[in-house]
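The structure appears right after this line, and notes come after that.
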Amino acid sequence: MIQVILPVLDEQLALPWVLERFPLGFEPLVVDNGSTDDSVEVARSLGARVVTEPARGFGAACHTGLMHATSLLVCFMDCDGSLDPRALPDIARRVHEGSADLVLGARVPDRGAWPLHARVGNLYLAKQVRRRTGVRLTDLGPMRAARREALIDLGIKDRRFGYPLEMVLRAATNGWRIHELPVRYRTRTGRSKVTGSVKGTIRAVRDMAGALS
């Protein structure tokens with residue numbers, strides 16, 4: 001069984017679609033990061049394991065999920081309906097087979113699914129990663145897979161939006177084989193806390209840029 005860490009903040013509308021599409025061999029691990037809606041109740045009613053992380057921050061939720069996971073290989077995935085869990089087997093396969101250490105899902109967006117300001121910010125950060133590490137990425141994909149103990153050993157410090165970028169930077173520094181695979185990126189359910197506004201995108205890019213310093 002491969003556990004999938006799902007950071008959640010007010011995603012009661014998206015959770016049913018996401019959890020009902022989980023493929024065999026993958027187990028959702030929902031990390032609630034202070035939801036004020038019924039996300040926790042919905043997730044539990046659908047059979048998902050739920051843990052809580054009261055300290056707000058995307059990285060805080062991801063790290064808590066990582067520390068609660070027990071599977072040898074783990075995945076991460078946004079839980080807003082923008083990513084289809086049915087893509088998880090392809091993302092995890094290369095790590096499971098030993099041909100990669102970290103696999104990222106490079107988003108291929110549906111029309112209108114990825115606002116221009118968010119795409120520009122992501123491309124800038126991917127370019128900085130290539131410049132600093134030589135790893136040629138097109139996306140800091142939110143769907144990803146790696147071995148749990150190896151991730152813990154990276155010692156990622158960021159507990160905000162810089163967590164995904166710091167993971168890639170530390171992995172590259174440690175000589176990990178980092179691969180990308182295309183994944184469909186759908187219009188999310190509800191309004192995004194990050195890419196839904198220029199302000200949110202700037203905040204996320206600022207957090208991630210801190211990992212580059």
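Just so you know, all these numbers are worked out from the coordinates, no wet-lab data involved. Please read all numbers here as calculations on a predicted model, not as lab measurements. When we count neighbours, we look across all protein chains shown, and the Cβ atoms used for this are built from the backbone with ideal geometry, even at glycine.
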In order over the stretch 175-181: 3J(HN,Hα) from phi, Karplus 6.51/-1.76/1.60, θ = phi - 60°, whole Hz, x for each Gly or Pro, gives x, 5, 7, 10, 10, 10, 9
Would you please give the residues with an amide H less than 5 Å from that of W176, counting only those at least 5 places away or on a separate chain, with H modeled from the backbone geometry? none
What percent does the relative contact order of the chain come to when contacts are Cα pairs within less than 8 Å and at least six residues apart? 24
At R119 and H68, where each label point lies 7 Å from the Cα along Cα→Cβ, what is the point-to-point distance in nanometres? 3.5
When the helix-only estimate is applied to the chain (DSSP H runs of n ≥ 4, each -39,500 (n - 2.57), divided by the residue count), what is the mean residue ellipticity at 222 nm, nearest 500 deg cm²/dmol? -12000 deg cm²/dmol
Over the chain, what is the percentage of antiparallel beta bridges among all DSSP beta bridges, to the nearest 5? 25
Net charge near G34, counting Lys/Arg +1 and Asp/Glu -1 over other residues with Cβ under 10 Å of its Cβ? -2
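If packing is taken as the average number of other Cβ atoms within 10 Å across a peptide's residues, how do 98-106, 168-176, 49-57 rank, most packed first? Don't skip to the end; give the middle numbers.
Details: 98-106: 20.0, 168-176: 16.9, 49-57: 15.2.
Highest-to-lowest ranking by the protection proxy: 98-106, 168-176, 49-57.
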With a cut-off of 16 Å, note down the residues of the stretch 136-154 whose backbone N falls inside the zone around a label point 7 Å from the Cα of L24 toward its beta carbon. none
Proportion of all alpha-carbon pairs of the stretch 2-212 beyond 31 Å (%): 10
Taking amide H positions as placed in the peptide plane 1.01 Å from N, state which residues far from F26 in sequence (5 or more) or on other chains have amide H under 5 Å from it. I2
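Under DSSP H, which helices of the chain have Cα atoms covering 20 Å or more of the helix axis and a Kyte-Doolittle average no less than -0.5?
Numbers: long enough: 116-133 (25 Å, -0.62); 198-212 (21 Å, 0.41).
Length and hydropathy pass: 198-212.
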Long-range amide H partners of R107, meaning residues 5 or more apart or on another chain whose placed amide H is closer than 5 Å, are V183
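Rounded, prolate or oblate: which fits the stretch 41-164, taking a ≥ b ≥ c as square roots of the Cα gyration tensor eigenvalues, rounded meaning a/c under 1.5, else prolate when a/b beats b/c? Mind showing how you got there, number by number?
Numbers: a/c = 1.39, a/b = 1.21, b/c = 1.15.
Because its axes are fairly even, with a/c under 1.5, the stretch 41-164 counts as rounded.
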